[in-house]
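Take a look at the structure below.
Nothing in this text is a laboratory measurement; each read-out follows from the coordinates by a stated rule. Small disclaimer: the values here were computed from a predicted structure and weren't measured. Don't worry about glycine lacking a Cβ; one is built from the backbone with ideal geometry, like all the others, and counts go over all protein chains shown.
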Amino acid sequence: MKAEKKKIVKTIKIDVDKCNGCQACEVICSALHATPKYSSNNPARARIRVIRDPLADVYVPVYAGEYTAAECAGRDKYTIDGKEYDECAFCRASCPSRDFFKEPDSGLPLKCDMCESDPSLTEPMCVQWCLADALVYEEREEDVEEDVPQEDIELGLEALANAHGWQKVMDTVARMSKKD
Ligand code: SF4
Ligand code: SF4
């Protein structure tokens, strides 16, 4: 059985034209995730990486995405303003084919967690520290359908049966099933 649920979708919009390659986002991300918090900073531990090409004035922030156990068979190669960038340069994956988005000491994959913390932040730290406004945070609410676990349905049905009687509950369920 499906149930409607509200879900908050978090997005960071990246405007590469505004990024100046200052790397403040990398610094603050690594500091936030240090143990204890803010005790050190090392951009190699950041969950965002800024591809920098100062001669071409190209700076592209890339967020760490999913870990992948095996490298993919195909490769991306970008050309921007006539300059060719390394294979997979803008890929978000933590992948065995390269050292990006891996914890330098342990090799464990790093993934952007949108600065999940308790209490939660008004905006992710990289957005707050980006004085060039190249990173803009947005939240929106979406309706999603979720599978309801069988035991929850049974508990729910039992509570309804206690209140209205089994026959009425069964008639209602039969009517709902026909609508599907
Ligand atoms: S803080 Fe902003 S301007 Fe600086 S490198 Fe990061 S995204 Fe670019
Ligand atoms: S949203 Fe938070 S975890 Fe993700 S890159 Fe920015 S500072 Fe790091």
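Taking θ as phi - 60° and the Karplus parameters 6.51, -1.76 and 1.60, the scalar couplings of region 124-140 work out to x, 4, 5, 5, 4, 8, 7, 6, 7, 6, 7, 10, 10, 8, 9, 10, 9 Hz in sequence order, x denoting glycine and proline. Residue by residue, region 41-53 carries 3J(HN,Hα) couplings of 9, 7, x, 5, 9, 6, 9, 9, 9, 9, 6, 10, 9 Hz when phi is fed to the Karplus relation 6.51 cos²θ - 1.76 cosθ + 1.60 (θ = phi - 60°); x denotes Gly or Pro. If the cut-off is 27 Å between C-alpha atoms, which lysines fall inside it for LYS77, apart from same-chain ones fewer than 8 positions away? Partners found: LYS13, LYS18, LYS102, LYS111. For TYR67, the residues whose amide H sits under 5 Å from its own are SER94, ignoring neighbours fewer than 5 places away on the same chain, with H placed 1.01 Å from N.
Over the chain, what is the relative contact order in whole percent, taking alpha-carbon pairs under 8 Å and six or more residues apart? Numbers along the way, then the final one.
On the way: 264 pairs, mean separation 54.7, N = 180.
Here the relative contact order equals 30 percent.
Maximal additional length on extending the GLU71-GLU139 stretch stands at 21.3 nm, based on 0.36 nm per residue less the C-alpha distance.
Can you tell me the convex hull volume per residue for the chain, based on C-alpha atoms, in Å³ to the nearest whole number? Please report the intermediate quantities before stating the final value.
Working: hull volume 37.3 nm³, N = 180.
Normalising the Cα hull of the chain by residue number yields 207 Å³.
Working from label points 7 Å from Cα in the Cα-to-Cβ sense, the ALA56 to ASN20 distance is 2.2 nm. Only helices enter this figure: runs of n ≥ 4 DSSP H residues, each worth -39500 (n - 2.57), summed and divided by the residues of the chain, yield -7000 deg cm²/dmol at 222 nm to the nearest 500.
About the Cα centre of the chain, what is the dipole size in debye to 20, counting +1 per Lys and Arg Cβ and -1 per Asp and Glu Cβ, all else neutral?
Numbers: 24 positive and 35 negative charges, 19 e Å.
Magnitude of the dipole: close to 100 debye.
Cysteines in the chain that lack a partner Cβ within the 4.7 Å cut-off: CYS19, CYS22, CYS29, CYS72, CYS95, CYS112, CYS115, CYS130.
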